1. What is the gain in length, in nm to one decimal, between residue 178 and residue 192 on full extension, counting 0.36 nm per residue of separation less the C-alpha to C-alpha distance?
2. Contact order normalised by length for the chain, with contacts defined as Cα pairs under 8 Å and 6 or more residues apart; what percent is it?
3. For the ranges 130-138, 102-110, what's the packing order if you count other beta-carbon atoms within 10 Å of each residue, average per peptide, and put the highest first?
4. 5 Å is the cut-off here: which amide hydrogens, built 1.01 Å from N in the peptide plane, fall below it relative to residue 194, excluding neighbours closer than 5 in sequence?
5. In deg cm²/dmol, rounded to 500, what helix-only [θ] at 222 nm does the chain give when every DSSP H run of at least 4 residues adds -39500 (n - 2.57) and the total is split over its residues?
6. Taking the dipole about the Cα centre of segment 58-204, with the C-beta of Lys and Arg at +1 and of Asp and Glu at -1, give me whichever of 103, 191, 118 is farthest to the positive side.
7. By how many degrees, 0 to 90 and rounded to 10, does the Cα axis of helix 5-21 deviate from the longest principal axis of the chain?
8. Taking a quarter of the surface of the Cα convex hull of the chain, what do you get in nm²?
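Throughout, read-outs are computed from the coordinates displayed, never taken from laboratory work. Everything quoted here is computed from the prediction, not taken from an experiment. For neighbour counting, all protein chains shown are included, and Cβ atoms are generated from backbone atoms with ideal geometry for every residue, glycine included.
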Amino acid sequence: MHENESFQKLINVTEKIISEKGCQKTTLNEIIQRSGLSKGAIYHYVKSKNELFVLVLKHQLEQVDKQFQSSMKEQKEMELGEPLRQTLKSFIHSKRSVSNQIFFYLVSHQNKPEDQEILEEFQNAFFQHSVKWIKAGQNGGPIPDILDAEKISAFFTILGYGMRVQAMISESEELLAQEDVFQLMRATLSNTPISFTDESGLGQES
């Protein structure tokens with residue numbers, strides 16, 4: 001992933017305009033005008049608005065990965081808690097978050113084969129990061145080697161889609177709180193049975 005000044009400016013300006021106007025009204029012309037970047041500079045990275053939107057999603061994913069790696073390095077003994085909480089940031093989003101706005105814009109704008117390919121590219125990036133995070137926890141860490149990292153990553157990817165849809169439907173009523181999702185993921189990665197109770201919600205069985 002690019003990390004130079006022009007790339008950061010492109011990402012930051014795009015996120016700002018989406019926050020202000022939404023994806024539909026965000027245009028490459030306005031991004032060029034407000035970023036001060038030339039059309040050639042932008043087309044060095046992407047060829048369309050949809051490609052740029054996916055680039056924003058992938059950049060956000062890279063930032064989560066950096067936070068995950070940092071939390072792993074700060075641990076004296078490897079445990080699931082903080083690194084797992086960092087990965088939650090990759091798919092728990094509010095209705096108005098830039099990430100969710102982009103995701104549903106792309107889902108609703110698959111008019112051409114290349115548009116579907118762009119979205120599949122992001123899905124694959126999300127999946128591969130999830131596999132990497134799980135395998136990092138298996139490498140002498142708290143996640144049992146017996147677990148299939150790819151199948152669990154596929155499950156977490158689908159769970160992430162569900163959380164996005166829930167956020168779009170209603171922000172006032174959560175079917176699962178963020179802490180519940182954390183406990184579900186921790187139990188899955190620990191290969192520990194979980195239980196749902198009326199009094200304490202979601203928890204691991206003793």
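1. Here the answer is 3.1 nm.
2. 19
3. So the order, starting with the most tightly packed, is 130-138, 102-110.
4. 205
5. So the calculated ellipticity at 222 nm is -21500 deg cm²/dmol.
6. Working it through, the farthest residue towards the positive pole turns out to be 118.
7. So the inclination is approximately 90 degrees.
8. 13.3
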